[in-house]
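Just below is one structure, and these are the notes that go with it.
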Amino acid sequence: MAMLDRLFASSAETGDSPKKGSLKTHYYRNDVRKIIESIEKMAKEIPGLKLIHVNQSQTEVSLEYRGKPFIFDVVLTLFKVNPIQHSIDIYASSRARFADFGGSEKLILKLYHYLDKNLSRAD
């Protein structure tokens, strides 16, 4: 049943205790400036990904992803764990009224894959 729920969901998010292990929060040994620069670079390099807004005070970044056949709204939230470590949680939601057939989860994994290659993982 849980597999069907994920398949027919229209959003996905990461966390410290997710239902699915691949959606676990990622931790990085980088400062906020470097992380935001990497996210901005990612928005330029991944086709269909567009930077919407960077909120420095709340350490949130809003993105839009235009994939086939869905459009996704994405929010990356940065949390300071200690002076040299930050976590990034990602929330992705399709604009479809119904299911996105796992597209939001796949998008999150794609974004984490890029960040893992360009930042220093701490976990």
Please arrange 23, 76 by counting, for each residue, the other beta carbons lying within 10 Å of its beta carbon, fewest first.
23, 76
Nearest-ten-degree value, helix 103-118 long axis tilted from longest Cα axis of the chain:
20 degrees
Simple spin-label estimate for residue 56/residue 34, 7 Å along Cα→Cβ, in nm, reads 1.9 nm
Could you tell me what percent of the DSSP beta bridges with both partners in the chain are antiparallel, to the nearest 5?
95 percent
For the range 51-123, count the residues as N, evaluate 2.2 N^0.38 Å, and divide the Cα radius of gyration by that value, please.
1.19
Any idea what the dipole of the chain comes to, in debye rounded to 20, about its Cα centre with Lys/Arg Cβ at +1 and Asp/Glu Cβ at -1?
280 debye
For the chain, what does the relative contact order come out to in percent, with C-alpha contacts under 8 Å and a separation of six or more?
36 percent
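Using just the helices of the chain, give the 222 nm mean residue ellipticity in deg cm²/dmol: DSSP H runs with n ≥ 4 each add -39,500 (n - 2.57), and the total is spread over all residues, rounded to 500.
So the helix-based figure for the chain works out to -9000 deg cm²/dmol.
Just the C-alpha atoms of the range 13-54: what Rg/Rh do they give, with Rh taken as the Kirkwood radius?
1.05
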Starting from 0 in steps of 5 Å, tell me what percent of the Cα-Cα pairs of the range 2-118 lands in each bin.
2, 12, 23, 25, 20, 12, 5, 2, 0
Too long for a 24 Å Cα-Cα cut-off, among 20/117; 34/68; 20/41; 20/50; 19/41; 19/44, are 34/68; 20/41; 20/50; 19/41; 19/44
Degrees between helix 32-45 axis and first principal axis of the chain (Cα, 0 to 90, nearest 10):
40 degrees
What is the fewest-to-most order of 26, 113 by other Cβ atoms lying within 10 Å of their Cβ?
113, 26
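Every number in this text was worked out from the coordinates using simple rules, so none of it is lab data. The shown structure was predicted, so the numbers you read here are calculated from the model rather than taken from an experiment. Quick reminder, even Gly has a Cβ in these numbers, built from the backbone with ideal geometry, and neighbours come from all protein chains shown.
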